[in-house]
Amino acid sequence: MADKEVAKEQVAKKPVYVPTDREQAFLDTVEDTRHQREIINGLTPFFNEKAPEDMMSFYTEDEVVKLQVLKGTERDVEGRMPVKITRHYFELARKSKPIQRIVKASPDETNDMAGSEDPGNQMDYAPVEGLLHKYEMGLMYVVSTCSAHCRFCYREELIARKDIERHDGTVAKKGLAKIPEITAYVRAHNELVKANGGRHPETGREKLREILLSGGDPMVLNNSKIAAWLSALAESDVESIRIGTKEMAFYPQRFDDNFFAMLDRFHETYPEVAVHFMLHFEHPDEILDKDDDENYVQDSQGFYQWIPDTGHAMRELVKRGWVSVQNQTPIIKDINDDVDALRLLQREFKRAGGENHYFFCGRDIVAYKAFNVPIEEAWTKLNESQKGLSGIENHARLSITHYKGKTEVNAITNEPIPGLPGSENGVVIFKLLRNALDAPDRGKVCIVGRNPDAVWFDDYEDRVLFDEAGLFDYTRVTESGKAPKNLPSPMPGITGCQ
Ligand code: SF4
């Protein structure tokens with residue numbers, strides 16, 4: 001058959017999405033806003049002195065020269081991860097070194113380019129382009145950018161549009177999710193699960209109950225696009241939708257009346273579908289107002305004052321009791337590996353009505369050595385930060401996403417365990433929280449001898465003391481008989497933005 005005819009046939013086979021009447025009635029009410037984020041894209045405006053005059057000082061002349069020298073070389077910082085900042089975030093960065101570090105490119109970040117282009121081989125989990133299906137949950141790449149870009153981003157390959165090798169050996173950029181393909185997959189999966197008594201007949205997986213809109217940041221899409229995703233998923237029998245976003249830090253004005261009107265109309269139309277906002281605040285400087293001396297502003301009673309637009313966005317979200325608002329963030333070197341900052345972040349986020357969900361250990365992205373904090377240091381700092389927090393403020397756990405599933409860094413001892421060789425310097429206890437296949441291994445632990453320099457599981461391979469979770473022997477997962485036949489490994493990890 002001629003190529004043209006093949007292409008025609010493929011186009012003809014593509015699923016077409018037709019909204020239901022209920023859905024269309026909701027979509028017809030949605031209004032968009034023209035937002036002015038005043039974004040500076042890339043380093044060229046700083047090299048060519050084309051950035052607004054007051055923003056030029058974001059990079060010193062010396063920094064500009066050093067970054068310019070790297071342009072086009074293997075150490076080009078923009079080749080690794082595109083540079084981007086909003087006016088709002090720039091204003092915060094004026095008074096905050098940690099915030100500068102989040103978005104400001106540095107020649108140091110490409111000193112050592114060790115790391116993986118696709119940590120966790122995420123594409124192994126993509127049955128449809130733009131969807132990662134793991135557990136009972138789907139994660140979708142709905143867009144490949146954010147309003148600003150974090151230098152340590154775990155999605156650098158998506159945001160930089162890098163070519164990624166797939167499971168079958170083909171090489172291509174990661175594609176974005178499209179409503180017809182995704183909803184067709186979700187419906188087909190769930191129908192098979194239902195017909196087979198609650199488990200997929202081939203993979204053993206449960207119903208796809210929960211979908212996370214991710215990317216990039218879904219909140220850079222306009223309201224109409226977000227609404228189209230929400231209603232299409234609701235019509236596909238999805239029970240719970242998460243929106244992973246850092247927009248409240250980068251551009252809180254995005255959470256405006258039109259957005260909340262859309263959200264309210266969605267809830268009126270689909271009251272049975274849960275909505276969760278997975279926010280990404282790394283440091284209290286992203287939420288709290290500072291004076292000109294860079295001190296946090298407090299009122300006469302000592303309450304910290306939130307940045308007005310951020311506080312407004314947070315209050316509007318939280319007051320909708322049907323929405324849950326959670327924070328999750330990695331612990332990154334020279335940004336929030338700081339006990340006081342972590343404590344204040346957790347305290348203030350809870351005071352505003354949010355929940356502290358996870359802190360993450362960094363993954364082995366390209367150039368991870370510039371950003372990652374050793375596992376034991378991250379746990380110790382988080383634990384210290386939670387001393388003095390109340391039980392409802394200190395819910396967050398430290399998670400490291402093992403290939404087998406999400407794993408908590410549960411405890412560390414400073415003393416040896418009597419009678420346990422290998423524990424002379426103390427031990428680290430990991431606890432499996434979620435499992436790719438099912439839930440039978442949840443709660444199982446693994447104990448390793450300490451290694452203060454460890455940034456990943458590999459660094460403990462020579463000191464495993466006890467491993468009922470199978471973190472160092474995950475072939476037994478596929479030998480258990482419970483594994484889906486096509487389960488690939490390893491498992492994908494998750495960023496602060498999921
Ligand atoms: S970490 Fe999240 S907000 Fe930051 S650039 Fe990556 S996806 Fe965007």
Leading residue by the ranking (farthest from TYR185 (Cα to Cα)) among those in region 205-222 that are surrounded by fewer than 23 Cβ atoms within 10 Å (Cβ to Cβ) and more than 16 Å from the ligand (Cβ to nearest atom): ASN222
Qualifying residue in region 176-198 (condition: within 16 Å of the ligand (Cβ to nearest atom) and either surrounded by 18 or more Cβ atoms within 10 Å (Cβ to Cβ) or of a type outside the set (Asp, Glu) (or both)): yes
Residue ID - nearest to the ligand (Cβ to nearest atom), chosen from residues in region 147-166 that are surrounded by fewer than 20 Cβ atoms within 10 Å (Cβ to Cβ) and outside any loop (DSSP other than H, G, I, E, B): ILE164
Residue match in region 259-274 (condition: part of a helix (DSSP H, G or I), in contact (Cβ under 8 Å) with a residue 24 or more places away in the chain and among the hydroxyl-bearing types (Ser, Thr, Tyr)): yes
Condition check for TYR154: of a type in the set (Ser, Thr, Tyr), more than 30 Å from ARG199 (Cα to Cα), outside the structural domain of GLU206 (by TED's automatic domain parsing) and out of contact with any Leu (no Cβ under 9 Å at 6 or more places or on another chain): no
Selected residue [within 21 Å of the chain's Cα centre (by Cα), on the phi < 0 side of the Ramachandran plot, more than 15 Å from the ligand (Cβ to nearest atom) and not aliphatic (A, V, I, L, M)] from SER116, SER144, SER96, SER106: SER116
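Going residue by residue through region 390-398, is there one that turns out to be touching an Asp or Glu at 6+ places or on another chain (Cβ under 6 Å), at pLDDT 95 or above and either charged (D, E, K, R) or more than 24 Å from HIS280 (Cβ to Cβ) (or both)?
Checked region 390-398: at least one residue is touching an Asp or Glu at 6+ places or on another chain (Cβ under 6 Å), at pLDDT 95 or above and either charged (D, E, K, R) or more than 24 Å from HIS280 (Cβ to Cβ) (or both).
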Lone unmet requirement of (1) modelled with pLDDT of 95 or more; (2) surrounded by 20 or more Cβ atoms within 10 Å (Cβ to Cβ); (3) under 19 Å from ILE332 (Cα atoms); (4) out of contact with any Phe, Trp or Tyr (no Cβ under 6 Å at 6 or more places or on another chain) for LYS104: (2)
Inter-residue pairs, beta-carbon under 6 Å, first in a helix (DSSP H, G or I) and in region 176-201, second polar (S, T, N, Q), 6+ apart: THR183/SER236; VAL186/SER236; ARG187/SER236
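Applying the selection to region 397-416, what residues are in contact with a Ser or Thr (Cβ under 9 Å, 6 or more places away or on another chain) and surrounded by 15 or more Cβ atoms within 10 Å (Cβ to Cβ)? Quick ask: steps written out before the conclusion?
So in region 397-416, the residues in contact with a Ser or Thr (Cβ under 9 Å, 6 or more places away or on another chain) come out as 399-401, 403-404, 406-409, 412-413, 415-416.
SER399, ILE400, THR401, TYR403, LYS404, LYS406, THR407, GLU408, VAL409, ILE412, PRO416, listed by residue number.
Please state which one of PHE277, PHE260 is more than 16 Å from the ligand (Cβ to nearest atom), in the same structural domain as LEU233 (by TED's automatic domain parsing) and in contact with a helix residue (DSSP H, G or I) (Cβ under 8 Å, 6 or more places away or on another chain).
Values: PHE277 fails: more than 16 Å from the ligand (Cβ to nearest atom).
Just one listed residue meets the conditions, PHE260.
The values are calculated or read from the model by the stated rules, or taken from the named source; none is laboratory data. Please read these numbers as outputs of a predicted model, since none were measured by experiment. Methodologically, a virtual Cβ is constructed for each residue, glycine included, from the backbone with ideal geometry; neighbour enumeration extends over all protein chains shown.
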